[in-house]
1. Which links in LYS2/LYS83; LYS2/LYS192; LYS383/LYS480 stretch past 25 Å when you go from one Cα to the other?
2. For PHE354, which sequence-distant residues (separation of 5 or more, or a different chain) have an amide H within less than 5 Å of its own amide H, given hydrogens modelled in the peptide plane?
3. Residues with beta-carbon under 15 Å from that of GLU156, excluding GLU156: net charge, scoring Lys, Arg +1 and Asp, Glu -1?
4. Which of GLY458, LEU495, ALA514 sits farthest toward the positive end of the charge dipole of the range 439-566, with +1 on the Cβ of Lys and Arg and -1 on the Cβ of Asp and Glu?
5. How large is the charge dipole for the range 344-558, taken about the Cα centre, if only the Cβ atoms of Lys, Arg (+1) and Asp, Glu (-1) carry charge, to the nearest 20 debye?
6. Counting only other residues whose beta carbon sits under 14 Å from that of GLU235, what net charge do I get with K and R as +1, D and E as -1?
7. Apply the Karplus curve 6.51 cos²θ - 1.76 cosθ + 1.60, θ = phi - 60°, to the phi angles in the range 158-166 and return the couplings in whole Hz, x for Gly and Pro.
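Values in this text are rule-based calculations from the coordinates and carry no lab data. Computed from a predicted model, the values in this text were never measured in an experiment. Cβ sites come from the backbone with ideal geometry, for glycine too, and all protein chains shown count toward neighbours.
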Amino acid sequence: MKFLLEIARAYPRRTLVTLVALLVAGVFEGISLSALFPILDLAANAEGGGQSERGLGKFLHGLGIEPSLGTLLLIIVVGVSLKAAMVLLANRHVGYTVAQIGTDLRLRLLRALLRARWDFFLHQPVGSLANAMATETVRASNAYLSGAKALAHAIETLVYTVAALFVSWQATLAAVLAGAAITFSLGRLVRKARRAGRRQTDVLVSLLRRMADTLQSVKALKTMGLAGGANVVLEAETRRLNKAMRKEVLSVEGLRAIYEPVAIAFVAGAAYLVVNFWGLPLASVVVLMLLLLRVLKLAGKLQQEYQKMSVNESAYWSLRGTIERAEAAPEPEPHGCTPVFERELALEDVHFAFGDRPILRGLTLRLPARSFTTIIGPSGAGKTTILDLIAGLLEPTSGRVLLDGVPLGECNLQAWRRMIGYVPQETLLLHESVLHNVTLSDPDLTEADAERALRAAGAWEFVSSMPEGMQTVVGERGSKLSGGQRQRVSIARALVRRPKLLILDEATSALDPASEAALCETLARFRGEVTVLAVSHQTGLAEIADRVMRLDAGVLMPANSTATFP
């Protein structure tokens with residue numbers, strides 16, 4: 001119920017319309033059922049012309065309408081038709097809400113992720129986020145659908161129960177108590193299904209996380225003959241998922257299989273009692289049996305839909321937890337002065353640590369505008385951390401990052417990042433055209449902008465020779481291009497917005513010597529035009545820089561310094 005209340009608070013208007021439509025549909029169904037009793041009175045009359053003094057028959061007499069067979073049948077037809085119209089209205093709103101829940105959850109997750117700080121992503125596997133976006137949103141929507149169906153069955157159950165009370169309140173009370181006993185005794189299957197649903201949610205997160213990791217490294221795994229090991233792990237996770245799904249199936253089908261024969265047994269017992277002990281006419285007994293059977297069958301469907309909701313609602317809570325964690329780690333809203341970067345970018349006495357592990361220790365660095373600086377040092381020394389601090393992705397534990405003398409925290413961070421071109425160590429190209437990979441579909445950029453950037457990056461020669469030019473699709477992760485070509489497209493992406501700061505994070509580490517030399521020749525042309533900050537553990541970028549700094553043990557020194565590091 002907590003889940004349904006949560007959805008009702010999120011969509012009050014749709015919930016109200018659905019509930020009112022279902023209630024009105026129940027009223028019309030009740031009117032149709034009430035027409036059965038005058039028909040029974042007519043049938044019980046030996047001469048076929050008697051009048052009904054019960055329920056609807058008495059009401060029609062009060063209005064001066066003869067409760068003839070034709071009139072009563074017309075009431076049944078009209079009541080059923082109006083009920084169908086109300087059910088259609090309710091189902092339409094339920095269907096719209098199901099689609100809206102999935103859409104809103106995806107959008108809320110997407111917005112929360114894109115607004116979250118960088119350090120949030122350091123602790124979130126990509127596979128689990130993909131599972132939240134794709135699988136958990138669907139299961140959450142299905143949970144609401146099952147809950148809405150359960151509500152509809154609950155209203156129908158109430159209508160048929162009230163109708164049965166007019167025939168025999170004793171037998172109806174006995175059937176209601178029996179239904180409650182059946183529901184309570186089978187509640188264990190509902191709880192088992194809920195646990196199986198939670199297990200599915202946990203295993204799906206683990207499986208898709210491992211699948212994403214495996215696919216990202218599938219080339220290396222195949223090259224080294226290790227695909228079989230990865231397959232063993234994924235198969236184990238898949239079997240765990242299968243086990244959880246089998247438990248769900250067993251609980252769901254067990255509930256369905258047990259409920260109906262037990263319900264029929266109770267109805268048969270009630271019919272025996274009313275015939276042999278309460279002397280109810282046979283025609284009324286037949287109607288009572290049909291009504292009670294319908295009551296118990298609807299109660300069974302109610303429990304089954306509630307069980308389905310219990311299986312899937314764990315996905316909603318898991319998804320909501322992911323969204324709330326992302327929303328709890330937002331980046332600051334754009335505010336402060338608009339950055340210019342005309343003089344200098346500086347880090348002053350910066351300390352930074354991941355938990356208890358220090359990375360930078362009192363680091364001071366000054367980058368004059370339009371200079372070319374290369375930072376070298378061993379892997380793990382903290383070179384990328386410096387770049388993340390400059391981009392505002394991380395904040396110093398202590399010390400300051402200054403832009404033209406203004407602390408970076410006082411600047412509009414989003415405006416500053418729009419002035420940065422970034423070339424990562426791992427070239428990430430999308431399975432799209434060259435044009436899309438350069439502009440990333442930014443509406444402010446044109447094909448002319450992309451061509452200018454490709455020319456500046458030294459990529460226009462091979463791009464223009466492709467069959468479809470800039471419209472050529474580069475393949476998954478740029479697989480149709482060579483390493484050097486992928487890197488040049490990545491540099492074009494960084495240059496297309498005319499950045500004031502170009503960041504190169506190990507940009508040549510994956511290139512062969514010839515490709516590295518060619519790329520360095522291209523990058524050397526940017527000296528004096530744009531501020532370039534490169535980090536590398538290779539010599540190529542050091543040779544073309546204005547100055548070279550060495551980072552070791554969290555301390556930055558000129559590369560030719562003879563100082564020792566702690």
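1. Working: LYS2/LYS83 29 Å; LYS2/LYS192 18 Å; LYS383/LYS480 31 Å.
Violating the 25 Å limit, Cα to Cα: LYS2/LYS83; LYS383/LYS480.
2. ILE359
3. Net charge around GLU156: +3.
4. So the residue furthest toward the plus end is LEU495.
5. 240 debye
6. Here the count lands on +3.
7. 5, 4, 5, 5, 4, 5, 5, 4, 5
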